[in-house]
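Below is one structure, written out as structure tokens, with a few remarks after it.
No value in this document is a laboratory result; all are computed from the given coordinates. Not measured: the values here are computed from a predicted model. For neighbour counting, all protein chains shown are included, and Cβ atoms are generated from backbone atoms with ideal geometry for every residue, glycine included.
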């Protein structure tokens, strides 16, 4: 079923909340190194899909397989994070009382167990790694600022930086450009493309201009299942997509 | 005329004639031995004047005339004991004396004689006493009583006493004994079972029937005990429900951790005390209605305090549950001390009205009225609360505000006022609970402290934001507690329940009936 | 918590205790500078309360666990010490029984229950002071954190826990002296408990243990572990998606905190001379929380400050104006939450840079 190129494989995934089907037999295949944009109206199941992949929500039915044969439905959030799936939330969630530096330090790949962190000292390698990420997310000048004091856009970027620090194979990014200026949006698209050179990315986004700028394959969700899939031009022309999402 | 004369003559001669046929009264004029025999004879004689005579003998108002006639003195009038006719005896009267043997005979006889008392309740009591004595000597009298008795309830009681005496006599035919065993089995209580178990030297079929009856009674008793346990459990559960119902609103619906909730209950109890005092001072005729009048008063007092607390304290702390917890705890300390300063630290005396005391026996079930009324009151309070939430405009607004505050505000609902009223409602309900608790618990400044942890556990166990859950949870906890009590003792039972709850919340942090869906996650 | 405030706090605790002890021991009783033994023990009590407060601050201030049952760990440590002190009485009890404590003789018990075995050895008792609260915290915390019981739910069940223990220890059948608890202690490690020098020694020992506790707590919260802990406090689910297991972090700090509280209780008992079930009362645990809130949550030093200040106030009020004490305490609860959410240290801290970040401002009403 899962050939070598497949990184993430969802088949027939169904999630119900009190009778309401948030996901309805959703199936999706993501290849290694692929960037995918997921769009859809509110309530289409985009966030629930992320919840299922990251272990926050257990599906009622269906398969979720990562890599060759890892069944994600049997793992919880920390296990899945350790496998190399990182997630950025819709609302930027950084550790506000910590500095930008400490936020990245906590996100940095490494031993997560208390017995390690209790005695851990910052290594030179860790320092270099954080410096590199700071440069990538353009927050080098803000390294000692409280994360809570950053602007909205800076928080979004810090969170992307934390994702990078995790060194995941797959990044799930929920609405990365919500509330950003046009310039920031453009820079973010550029950043994601850069990240995509080494990692697979799933981007959930409402901003069609941004999706177009990414220039990747698009999956349209509607009522918990895939309505249409293909290039941005393909799905934009699909009458069903126009009907439920884009409007005439 | 002739006929009347004959009758009068007969009447006049009657005592003598009776004496000739062994007059039961005769020995009363004799020595102690004779008196004792006479009392025993009177007990089983069925003579209509026997009861009054024995009573007079006991009271020391029975006198014998030299002509052997017996007179009962009541004030200045003398009544002939044999005939019941007032008159004047000839010669000096001598008091009939008693000794201990006679006194014992009198006591036994009084029980038997009451079998013919005019009030059915007294006859039932007498039959019950005779059942307990199950004395074979009483058989003839029981037979006579049975023949005369028309009241079915009394007949039943006498039949049981008869059956008991018959089995104790151990001489009746086997079929009669089997019938008697059947009567006792239908009686079905512990006394019947003990009597049946104590039978010895019976023919095999009788012994077997008795054993079967004992087993049958034991089964019935277990069911009654179960029912009694359920009743006690419901009673405790309704107390928990009353204490927790207000919290189900303030904590369950609004999400406010009000540690001063118990003090709202306490204020309700003190309001009951004040209402009682006021009625005692100004309208003693209404004393029986004091509790009823206290219900609205407690609702208003506690509700008003609740609204004030919400406006002055809690509204500054929305969204900060842990701070709310601490601030309301401080409030509870201050309220306790305030009540202590005003009313003193000792318990205040709230008396239950007459109609709330007493108990009814129903089969093996004892139903005390105050517990029953509390169950009914709890049911009414919860029903009213549900009705308010579901059918009134206020309830609609409350639900709107709790589900989506911003949208509710956008639709023109004054959310701050709804918050205050909701909190007032929850506090008012707590006050009403205080009225009920004042009837069964000590009214002291610490009253509320005893209920606060239980109340929170009830609400959490039932599922926050769910009044039905609170109901089920309170009753479940009440019943579980009462069934553990006989096994483990009251304190240990409570500890067990607490530990079980702690473990339960670990397994299902959202309670028995959790609210589901994405809204919960947010 | 800045290094300076920690240093100041340690100096004041250790120096103050040493000074009080010296003034009690060296200065003759007639002198104006003489400190009565009563005062020495009073401050010893405050410092053992401060140990409880630091323990509460460690879980509440840094892990967001508002434990309303921490006095239970304090009391359990106290009972473990009390049991040792009871065994030390030997034949000097009212009944002069060499094996059984007075209350067991009174209850007609014939032999020492199994769980009292070993408490005549000081080393065993000291191990129990650490193990009993730690074990309870381990079991309770493992259950609670694994099933993600958080916030007020956790507060409510910790309160239920201490309430259940309160009821249990009131029972005579439990074998801990029931209502009266354990008291009439004679000596400790062979030294007479009522001697002035012993009291001075206990005060200094408490100060040293408090200082040790502060240093350990300080190390924990400033380590990378502490950074994770603060992250868990503010955004627990986010830490999961980073691959951390918040339950492991909370459990470690909860157990550590319980052990610290237990040590505080063990030092408390010989200084006040009694331990009884009322120490388990939920009100005690909540009072400990307010000490922390008064001093400043998440500062450690503030917990010490709050515990000492509030208890000084309590001693003053219950002596001079007993009627007003609960009003005052109630007002402190309300004022601290409404007006002074950062506590006393929060006032000073606004200007100074911090080593340990503060809790974020609470979100406005939703």
Inset, instruction - Run the numbers on chain C and let me know its relative contact order in percent, using alpha-carbon pairs under 8 Å that are six or more apart. - result: 33
Inset, instruction - Give the share of C-alpha pairs in each 20 angstrom bin for the protein assembly as shown, from 0 to the last occupied bin, in whole percents, shortest bins first. - result: 10, 28, 28, 18, 10, 4, 1, 0
Legend entry - Beta bridges by DSSP in the protein assembly as shown, antiparallel share as percent, to the nearest 5: 70
Legend entry - Compactness index (Cα Rg / 2.2 N^0.38 Å), the stretch C:149-239: 1.66
Legend entry - Share of Cα-Cα pairs in the stretch A:116-248 lying beyond 25 Å, as whole percent: 37
Legend entry - Computed over chain B: relative contact order in percent, which uses C-alpha pairs under 8 Å that are six or more apart: 15
Inset, instruction - Please build a GNM for chain C, connecting alpha carbons under 10 Å apart, and tell me which residue among C:295, C:96, C:177 fluctuates the most. - result: C:96
Legend entry - Cα-based Kirkwood hydrodynamic radius, the stretch B:224-521, one decimal, Å: 19.7
Legend entry - Size-normalised alpha-carbon gyration radius of the stretch B:272-404, reference 2.2 N^0.38 Å: 1.38
Inset, instruction - Order by neighbour count: C:155, C:237, fewest other Cβ atoms within 10 Å first, most last. - result: C:237, C:155
Legend entry - Spin-label pair residue B:147/residue A:208, simplified geometry with 7 Å Cα→Cβ offset, distance in nm: 10.9
Inset, instruction - Provide Rg over Rh for the stretch C:176-322; use the alpha carbon set for both Rg and the Kirkwood Rh (inverse mean inverse pair distance). - result: 1.04
Inset, instruction - For a footprinting-style exposure proxy, rank B:40, C:323 by other Cβ within 10 Å, fewest first. - result: C:323, B:40
Legend entry - On Cα atoms only, tilt of C:37-63 relative to the major axis of chain C in degrees: 40
Inset, instruction - Would you mind pulling out the separation of the Cα centroids of the stretch B:77-98 and the stretch C:131-203, in Å? - result: 81
Inset, instruction - Restricting things to alpha carbons, tell me how big the stretch B:364-512 is in terms of Rg and Dmax, in Å. - result: 17.9, 60
Inset, instruction - Working from Cα positions, state the angle (0 to 90°, nearest 10) between the long axis of helix B:449-462 and the longest principal axis of chain B. - result: 70
Legend entry - Pairwise Cα inverse-distance average, inverted: Kirkwood Rh of the stretch C:3-349 (Å): 20.8
Inset, instruction - Could you tell me, in Å, what Rg and Dmax come out for the Cα atoms of the stretch C:23-130? - result: 18.9, 52
Inset, instruction - Treat the stretch B:280-325 as a sphere of radius equal to its Kirkwood radius over Cα pairs and apply Stokes-Einstein at 20 °C in a medium of 1.002 mPa s; give the translational diffusion coefficient in µm²/s, rounded to a whole number. - result: 164
Inset, instruction - Could you estimate the translational diffusion coefficient of the stretch B:118-202 from the Stokes-Einstein equation, with Rh from the Kirkwood formula over C-alpha pairs, at 20 °C and 1.002 mPa s, in whole µm²/s? - result: 169
Inset, instruction - Would you work out the relative contact order for chain A, in percent, from Cα pairs under 8 angstrom that are 6 or more residues apart? - result: 27
Legend entry - the stretch B:24-110: radius of gyration and largest Cα-Cα distance (Dmax), Å: 11.6, 32
Inset, instruction - Could you work out the equivalent-ellipsoid semi-axes for chain B, taking the square root of 5 times each eigenvalue of the Cα gyration tensor, largest first, in whole Å? - result: 68, 29, 18
Inset, instruction - Please work out the C-alpha center-to-center distance from the stretch B:245-304 to the stretch A:119-195 and express it in whole Å. - result: 58
Inset, instruction - Just the number, please: percent antiparallel of the DSSP beta bridges in chain A, rounded to the nearest 5. - result: 55
Inset, instruction - Treating the angle as unsigned and between 0 and 90°, give the value, to the nearest 10°, between the Cα long axis of helix B:415-440 and the longest Cα principal axis of chain B. - result: 20
Inset, instruction - Using R₀ = 45 Å, calculate the FRET efficiency as 1/(1 + (r/R₀)^6) where r is the Cβ-Cβ separation of residue C:135 and residue C:29; round to 0.05. - result: 0.50
Inset, instruction - Using just the helices of the protein assembly as shown, give the 222 nm mean residue ellipticity in deg cm²/dmol: DSSP H runs with n ≥ 4 each add -39,500 (n - 2.57), and the total is spread over all residues, rounded to 500. - result: -20000 deg cm²/dmol
